[in-house]
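Written out below as structure tokens is the structure these notes cover.
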Amino acid sequence: MQSSQMYNQILKDCFWDYNFTSSDIDNMAKNNNKREMTFLFGKILENSTQMLNSMEIFDKNSLKTLIEEYKVPTFNHDYISRRLNILEYYFLDKPLTINELRWTA
């Protein structure tokens, strides 16, 4: 997915109720402000229809830290836990715990 398309998709899915621009999203992902990166990560995790592609706006080390340190909220716990496990599996090679998505022998 092209970078501009990805940013537009993130804006549409995750920030429809904000007045952010593509450059605002890019700055949040790359400026090393932990609070902003965590906010952006959470919005993408919770709302993005292209979650795996959207997460690629973060560098690998930052993404690893964001995934490992994310605390799943009690609101939508099951939904967000499943999406977080997909990220762990895809980016960190951790086990997939979602039975419906596992390969069967």
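For the range 52-71, which residues satisfy the criterion of being surrounded by fewer than 16 Cβ atoms within 10 Å (Cβ to Cβ) and over 20 Å from Arg82 (Cα atoms)?
Answer for the range 52-71, where residues must be surrounded by fewer than 16 Cβ atoms within 10 Å (Cβ to Cβ) and over 20 Å from Arg82 (Cα atoms): Asp59, Lys60, Asn61.
Going through the range 1-23 one residue at a time, which ones are charged (D, E, K, R) and modelled with pLDDT of 95 or more?
Lys12, Asp13, listed by residue number.
Mind listing just one residue for me: the one in the range 37-50 that is surrounded by fewer than 19 Cβ atoms within 10 Å (Cβ to Cβ) and in contact with a helix residue (DSSP H, G or I) (Cβ under 8 Å, 6 or more places away or on another chain) and, of those, nearest to Asp17 (Cα to Cα)?
Restricting to residues being surrounded by fewer than 19 Cβ atoms within 10 Å (Cβ to Cβ) and in contact with a helix residue (DSSP H, G or I) (Cβ under 8 Å, 6 or more places away or on another chain), the top hit is Asn47.
For residues that are among the polar types (S, T, N, Q) and within 12 Å of Tyr7 (Cα to Cα), scanning just the range 19-36, find the one that is surrounded by the fewest Cβ atoms within 10 Å (Cβ to Cβ).
Here the residue is Ser23.
The values are calculated or read from the model by the stated rules, or taken from the named source; none is laboratory data. Values in this document were obtained by computation on a predicted structure and should not be read as measured data. Cβ: placed from backbone, ideal geometry, glycine included. Neighbour counts: every protein chain shown.
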